[in-house]
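One structure is given below, encoded as structure tokens.
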Amino acid sequence: MSEVHEAITAHIQKQHAIIKRFAQLEAERERYIDEAVALCQKGLPFTVDKINQVTKEMNELAKHGVVPQRKYVTAEMVKEYVERLAKRKETR
């Protein structure tokens with residue numbers, strides 16, 4: 001019985017570690033997205049490389065089935081989002 005308990009505990013600890021790392025990566029990804037959006041809004045050059053590097057790590061964790069996958073981001077997606085934000089401001 002003790003072996004089963006230890007196996008379950010180890011499994012839960014592993015899942016917890018995956019979830020914790022995923023949450024850290026999610027915050028990092030959001031920060032990089034915010035940076036890209038801010039640069040795009042100012043008309044400055046930006047890249048999505050850091051966003052997608054973090055996304056790749058997140059998707060590796062998702063292979064364990066504990067956390068969801070995230071979509072890769074393109075520069076066009078950032079530009080479209082900035083355009084939508086600008087339109088919202090215009091209609092206010």
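Where a number appears in this text, it was derived from the coordinates with a stated rule and is not lab data. What you see is a predicted model, and the numbers here were worked out from it, not measured in a lab.
Its relative contact order, with pairs defined as Cα atoms under 8 Å and 6+ residues apart, puts the chain at 28 percent.
In straight-distance terms, cross-link reach from Lys79 covers every one of the lysines whose alpha-carbon lies under 28 Å from its own, apart from those fewer than eight places away in the same chain; here that gives Lys42, Lys50, Lys56, Lys71, Lys87, Lys89. Amide H contacts of Val67: none lie under 5 Å away among residues 5 or more positions distant or on a separate chain (H built 1.01 Å from N in the peptide plane; Pro and chain starts excluded).
The structure-derived value of Cα Rg over 2.2 N^0.38 Å appears in the list [x] 1.51; [y] 1.41; [z] 1.02 under the label [x]. Fully extending the segment from Arg84 to Lys56, taken as 0.36 nm per residue of separation minus the present Cα-Cα distance, adds 7.5 nm.
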